[in-house]
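For reference, the structure discussed in these notes is given below.
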Amino acid sequence: PEYEEPKEARRADVTYDDLGGLGVTIDQIREMVELPLRYPELFQRLGVDPPKGVLLHGPPGTGKTRLARAVANESEAQFFHIAGPEIMGSAYGESERRLREVFEEASANAPSILFIDEIDSIAPKRGQVTGEAERRLVAQLLTLMDGLEPRQNLVVIAATNRPEALDEALRRPGRFDREIIIGVPDQPGRREILGIHTRAMPLAEDVDLDELARITYGYVGADLAAITREAGIEAVRRIMPQLNLEEGTVPPEVLENLSVRRDDFIAAHKRVQPSAMREIMVQM
Ligand code: ATP
């Protein structure tokens, strides 16, 4: 028999506290997803069907995946993940089978959240351009959504950064009929995100996260995480000369005094371009 992952291993470990600048979004998703998963009896009593599908849309790197993981964790639901392009790439007929299997497994383990990343690659607008394989996969996805019982305690969350590219049938009632928009973070949002990613980092006194939030206009969460990582690497580079390379050890006093300084962040900021910018430059 194949090795079975213990159930707990599928529980996502991020929480709402690991998301910066998404206060309102978190309120929305709690109401749409967490409440019905946690207290199905409330909805049953009122005769209200909770949503089966929620569509998250926003630019890459703004925390859509992390949000889906957090809501699963906070709802004490199992988390299942489908990467759109990955499932698309499989052999003829295979993609539909895999999609069905994940839906079955998620239903069998309810309460659960099934997250479909880059849903536009699974369910593009059906038209002249789409091939037979794509059309069948969209149809399969619609059938699976329609087959979900409202009381099943399974919510499908799908993410896209191209909502206009989706097949319209996907957004009909009973399918992905709720939408949450995630935008590029504003300055207070960036400040929160920087706070989260530097939580475990010793910061020198001259580091001013408010200043960093001010100068990172256009940077999304993934970019800010990259700046923080780069700043850490900068700090390592800076103390390299103090390492005892022959012994291969870090002197304890060096370790103790190690912190990330303002100039490390400034250097990192120069090196990390906002991802939206990178895309524009590729297009030019
Ligand atoms: P994509 O559309 O490219 O899949 P996404 O919107 O799903 O992107 P995530 O994968 O959730 O983005 O984010 C990538 C990483 O960026 C996260 O693991 C996290 O480190 C950081 N990040 C993004 N958004 C946030 C946020 N709002 N708060 C904290 N960290 C964030």
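The values are calculated or read from the model by the stated rules, or taken from the named source; none is laboratory data. Fair warning: this is a prediction, and the values are worked out from it, not measured in the lab. In this analysis, Cβ positions are derived from the backbone assuming ideal geometry, glycine residues included, and neighbour counts consider all displayed protein chains. Each accessible area value is taken on the protein alone, full model and side chains, heavy atoms only, with ligands, DNA and RNA left out. Shrake-Rupley method; radii C 1.70, N 1.55, O 1.52, S 1.80 Å.
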Looking at the structure I just gave you, is LYS52 basic (Lys, Arg), open to solvent by less than 50 Å² (accessible area, probe 1.4 Å), over 30 Å from PRO188 (Cα atoms) and more than 16 Å from the ligand (Cβ to nearest atom)? yes
Which of (1) at pLDDT 95 or above; (2) farther than 27 Å from LEU194 by Cα does THR25 not meet, given it meets every other one? (2)
Enumeration of residues in segment 177-216 that are over 24 Å from GLY21 (Cβ atoms) and under 23 Å from the mean Cα position of the chain (by Cα): ASP177
Would you tally the residues in segment 159-210 being of a type in the set (D, E, K, R), away from the ligand (no atom under 16 Å from the Cβ) and either buried (at least 20 other Cβ atoms within 10 Å of the Cβ) or in contact (Cβ under 8 Å) with a residue 12 or more places away in the chain (or both)? 9
Are there helices (runs of 4 or more DSSP H) fully within segment 143-262 with at least 3 residues that are under 18 Å from GLN273 (Cα atoms) and not aromatic (Phe, Trp, Tyr)? List them. 187-197, 209-214, 221-239
Of all residues in segment 92-114, how many are assigned to a loop (DSSP other than H, G, I, E, B) and open to solvent by less than 20 Å² (accessible area, probe 1.4 Å)? 0
Enumeration of residues in segment 63-91 that are within 12 Å of the ligand (Cβ to nearest atom), more than 16 Å from GLN28 (Cβ to Cβ) and either buried (at least 21 other Cβ atoms within 10 Å of the Cβ) or not polar (S, T, N, Q) (or both): ARG69, HIS81, ALA83, GLY84, PRO85
Which pairs have Cβ atoms under 7 Å, sit 6 or more apart or on different chains, and link a residue in segment 216-233 that is under 26 Å from LEU258 (Cβ atoms) and modelled with pLDDT of 95 or more to one that is among the β-branched types (Val, Ile, Thr) and more than 10 Å from the ligand (Cβ to nearest atom)? ASP223/VAL272; LEU224/THR216; ALA226/VAL272; ILE227/VAL272; THR228/THR198; GLU230/VAL272; ALA231/VAL260; GLY232/VAL260
Do you know which residues across segment 56-85 are in a strand (DSSP E or B) and in contact with a Lys or Arg (Cβ under 7 Å, 6 or more places away or on another chain)? LEU56, GLN78, PHE79
